[in-house]
Each structure stands twice: as structure tokens, then as C-alpha cells.
Amino acid sequence: MMDDTNEARNSTEPEGQNTPVKTQGRTGVVLAAIGLGLVLILGAGLVWSLTRMNREVAQLSQQTERLNRRIDGAEQQSQTSAQQAAQAAASAQAAAQQRDEAKQLEADSAAQAQSALQAAADAEQQANQAEQKADEYRKQREEELQSLQQVLGQIAETHRTTLGLVMTLGEKSIRFDFDKANIDPQYRDILNRIAGVLMTLQGYSIYVYGYTDDIGTEDYNMKLSGRRAQAVRDVLVQTGIDPRIITTKGFGKSDPRAKGGTAQARAANRRVEIGIVDSRLLFDSTTLPTK
């Protein structure tokens, strides 16, 4: 009996020993399941967190990009503003320079205008003075010519012209024989008296013109009249008149004093005329009036 009992005990002991093992196995499974669940939960949370962080990072990147674009735009605008400011400053400086130049030009123009006015006033004053001196000179010359005409008129026929005086040395003073140019000795005293008066003059030129009658050719009479004028000039120079102020010219049978072919008319046309002209006057000697 005891043996049976022992056997029975022995036969029940393994069952008691397997119960904890099974319990432990189930606990391990449960713990593993719990751990797996926790891992899944933590993994899911981590994934969600990573996803959220990625979204936030993406948003931050977008914000950063927008901010960078704004910064770039602000920098570009700032550069544009700086360029505009520099251009404005340059324009202002150029405008200031132009203004200064305009003011200087205005001042120079005013100075030039003042100088021009002063020059005009001086010129007008000088013109008035010159006109006054000219009037005084003309008055002086007029008085000289009047006095000279009176003196020379006592020697030979003398009359006024627009340029001075003209003396006619014809049959009443110096008579030229037909086809002759020499001056007879009895007429030299007249030329000496004329030279004595002319030597006292200053600022005058003397013109000696010769003429002939109507007998002979034009060419021959031109040469003959020139010799008559030269003969009178030679006598005047011999008496002391400067030869540089004396000019001679022959006019032949032109401009006769007496018309007709009578001996008296021809004798009157054989003559020499002496022109006395102010040397300050500009003229062509060929246009000097002889009457």
C-alpha cells in the first residue's frame, strides 16, 4: 500500500512542476506582446513625430526661402535705391555746377556788357572829340585857303574847288608860244612869287596840269602838255619846294577855257594850272576839278 501511495505521489509530482513553467511561458508571451505593442506604439509615435518634424522642417525651409527672397529683394531694392541716390547726387552736383557756371557766365556777360558800354561811351567821346578836332581843322584850313586865295589871286587867276585851290597860269600870267613848252625869263618872276607863297604851306600837295590848243594830234598834244607841266614844276623845285609833294600830268587839248579857233582862244587854252590840295584828303588826282 505504501508503495502504491508513493508511486501515486511520484506520479503526481511532474504535473506540479510543469505548472510554473507554463505560467512563465504565458507571462513571457504576454510581456513580449506588451513589449511589441509598446515598440509599435513608440515606433508609430516616432514616425508621427518624424513626419511632423519633416513637415515643420519643410515649412521652415519654405519660410527660410521666402525670407531669403525677401532679403534678396530688399538688397536689390537697396542697391537700386543706392544707385538712384548716387545718380541723384551726381545730378544735383552737375546741376549745382551748371548753376555756378550760369552765374559765372551771367557775371561775365554783365562785365562784358559793362565793358562794351564803357567802350561805346569812350568811342562816342573820342568820336565827338575827333569831330570837334575835324571841325577845328576844317575851320583852320578854310581860313588858310581864304587867306591863300587872296594872296595868290594877286599873282594869277585863283578860284576855290571842293578840294582846295586852282591857279590858272594862262595868257595873263604865263604865255606859252605855239608848240613850245619852255618858260620865258620874264615869267619866272611870277613862278618865284608863287613858290614863295607855297613854301609856307604845311600839309598840302601840289598838282601841276598842262594844256594845249586844238591844233595837232591828240597824242602829240598830250606829250606837249606834259612837258609844259614839267617845266613849271622844275622852276618851283628850283626855288625850294619839295619835289615829293608835286605831281604833274598833261591833259592835251581837253577842257579848253575858250571855245573857237581864233588866235586869242588858242592862246588862252595854252596854259598850266596849279592845284593846291589838303594832303589829308584821299582822292584820285585824275578826278581833281580844274575849275
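The values are calculated or read from the model by the stated rules, or taken from the named source; none is laboratory data. Everything numeric here is computed off the predicted structure, so don't read it as measured data. No Cβ is skipped: glycine too gets one built from the backbone with ideal geometry, and neighbour counts run over all protein chains shown. SASA here: full protein model, heavy atoms, side chains in, ligands and nucleic acids out. Shrake-Rupley method; radii C 1.70, N 1.55, O 1.52, S 1.80 Å.
When only the Cβ of Lys, Arg, Asp and Glu is charged (+1, +1, -1, -1), the dipole of the chain relative to its Cα centre reaches about 1860 debye. The long axis of helix 188-198 is offset from the longest Cα principal axis of the chain by roughly 30 degrees. Can you tell me the orientation of helix 2-153 relative to the chain, as the angle in degrees between its alpha-carbon axis and the longest Cα principal axis, to the nearest 10? Its long axis makes an angle of about 10 degrees. Considering only beta bridges that DSSP places wholly inside the stretch 155-291, some 75 percent are antiparallel. The relative contact order of the chain, computed from alpha carbon pairs under 8 Å that lie at least 6 residues apart in sequence, is 17 percent.
The long axis of helix 218-238 is offset from the longest Cα principal axis of the chain by roughly 90 degrees.
In this structure Ser147 has an accessible area near 60 Å², from a 1.4 Å probe over the protein heavy atoms. Within the chain, antiparallel bridges make up roughly 75 percent of the DSSP beta bridges whose residues both belong there. Once you order the gyration tensor axes a ≥ b ≥ c over the Cα atoms, which shape class does the stretch 113-233 get: rounded for a/c under 1.5, otherwise prolate or oblate by comparing a/b with b/c? It is prolate, given that a/c is not under 1.5 and a/b is the larger ratio. Can you classify the stretch 158-201 as rounded, prolate or oblate using the Cα gyration tensor, where a ≥ b ≥ c are the square roots of its eigenvalues, rounded means a/c under 1.5, and otherwise it's prolate if a/b beats b/c and oblate if not? Cα axes put the stretch 158-201 in the oblate bin. Thr248 sits among other residues whose Cβ lies under 15 Å from its own Cβ, and their net charge, with Lys and Arg +1 and Asp and Glu -1, is +4. Across the stretch 99-240, C-alpha contacts under 8 Å between residues 6 or more apart give a mean separation that, scaled by the residue count, equals a relative contact order of 17 percent.
Near Glu136, once Lys and Arg are set to +1 and Asp and Glu to -1 for all other residues with Cβ below 13 Å from its Cβ, the sum equals -1. Between the stretch 173-187 and the stretch 66-118, what is the separation of their alpha carbon centroids in Å? A separation of 95 Å, based on Cα centres. Looking at the square roots a ≥ b ≥ c of the eigenvalues of the Cα gyration tensor of the chain, which shape do they give, rounded for a/c under 1.5, prolate if a/b is larger than b/c, or oblate? Here the chain falls in the prolate category. Dipole magnitude for the stretch 150-291: about 120 debye, using +1 per Lys or Arg Cβ and -1 per Asp or Glu Cβ, origin at the Cα centre.
Considering only Ala82, Ala268, Ala102, the mean-square fluctuation computed in a Gaussian network model of the chain, springs between alpha carbons under 10 angstrom, is largest for Ala82.
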